[in-house]
1. What value, in deg cm²/dmol to 500, does the helix sum -39500 (n - 2.57) over DSSP H runs of n ≥ 4 give at 222 nm once divided by the residues of the chain?
2. For region 177-285, which GluC sites (Glu not before Pro) are both in a DSSP coil and crowded by at most 15 other Cβ atoms within 10 Å?
3. Against the 2.2 N^0.38 Å scaling, with N counting residues, where does the chain land? I'd like the Cα-based Rg ratio to two decimal places.
4. What are the residues whose amide H is under 5 Å from the amide H of ILE99, where those residues sit 5 or more places off or on another chain and H is modelled from the backbone?
5. May I ask you to list the trypsin sites (Lys or Arg not before Pro) in region 193-252 that are in a DSSP loop and have at most 14 other Cβ atoms within 10 Å of their Cβ?
6. Quick one: what do you get for region 190-379 if you divide its Cα Rg by 2.2 N^0.38 Å?
7. I need the calculated FRET efficiency for the pair LEU154 and SER385, taking r as the beta carbon distance and R₀ as 25 Å, to the nearest 0.05.
8. Go through region 328-399 and name the chymotrypsin sites (Phe, Trp or Tyr not before Pro) that are in a DSSP coil and have 10 or fewer other Cβ atoms within 10 Å of their Cβ.
Amino acid sequence: MGWDLGVMDLHSKMIHLFINALAASAGGGLTYVRNVVPLLSVREDVRTTVLLGETLRREVTESDRVIVLRVDCSERAGGRFWYEQRNLPNMIRHSGADILLSAGNFALYNSPVPQILLSRNALYTSSDFMRDLRDRGDYRLWLDTEVKGALARLSVRTADCTVAPSAAFATDLREWTGKEVISIHHGFDHEAFFRDRTPLPESVQVRLAATEGSLRLLFVSHYNYYRNFETLLRALPLLRERLCGREVKLFLTCRLEPKANPGSYRTDEAAALVSRLGVTESVVQLGPVPHSQLHHLYGACDLYVAPAYAESFAHPLVEAMASRLPIVASDLPVHREICGDAALYFPRFSPHDLAVEISRIAQSPDLTTKLSASGVRRSQDFSWSRHVDEMISLANSLVGSKKVLQAA
């Protein structure tokens, strides 16, 4: 592979940004690259080289201002990490980049240019997650998280600047590492989110039609432990009692089946819980829904639930608010920061309180209207364009500081 793209004139006003997005393979990483790179491609003040892994190869295209590097390396975190440490410094030098944006929680330890680290994995700072892993006996994942957490902490201490997607998570990182961390909210593109008019798959439409008249709850997530599926499932029979027999349907964009979700999370306990609680008919396991069609699913449901016990931003909350859905969320500082008065909150491990808050909304049209209106207003505060503006401003300040030091 040839990486010699020409070195940018150091006196030019244009900045050359190198984005390491090899780790963008699911969730927030994919959302970030999908939204940020197209905005960078139309700016006149930045040139971008982006390094991609397998997942995004067909989604990101080159343009006059965006060069895409595609490499073959291990998809396992350890193999990818060592590949980056060995190969990225030369790739960055050959590209002529002024600054590195490490988009996957881990820094490059010998970066030849100033480095901005995007840190968004709340699991490394979560005592709840580590306790959950021990309780489940998942010691392999516990050890894996401990090792990655140590590398992530060292990464924050290594990078020239670390950016968190929320002020609440930035506070957690500061306390965890003793280093300054700034917050720049991730964004939302209202027009892009609602653009696709392709209807939901027929199989999904059929299942929605079969639940007409039910209270439709929605939770958009792959199955994992920290999204706290079990508390949500335990709330369902309690909710049915409070609603005096009204049917409740919980729509999941995953399946509680082995090997049906990213990562090594075991679904057997959650699947057994569904059966034991007698809520099999209430849990509608749709499986993954294309992101471009998700707005149809939000629009077909009555209420969004977010029971996670660890979080750094939560894009589905913004999507739900933009879709006019009232929200019940676990009482995390991050959730309060993102939703404000557009949600009701419950203690994160209390199925009873979760059922109480859902029933409050289900039984009050006025509260539903109030939360929906607040959510639409709040969703307008998130902008990918504003995020990119702030990131480029930060990059320019770091490059400018380096030039001043070199001149001195």
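Each value in this text was obtained by applying a stated rule to the coordinates, not by laboratory testing. Source: prediction; values computed, not measured. Neighbour counts run over all protein chains shown; Cβ positions are idealised from the backbone, glycine included.
1. It lands at -14000 deg cm²/dmol.
2. GLU180, GLU212, GLU247
3. So the chain has a normalised radius of gyration of 1.02.
4. Result for ILE99 returns HIS16, PHE18.
5. Here the trypsin sites (Lys or Arg not before Pro) that fit, given the DSSP loop and packing criteria, are ARG195, ARG197, ARG246.
6. After normalising by residue count via 2.2 N^0.38 Å, the value is 0.95.
7. 0.15
8. none
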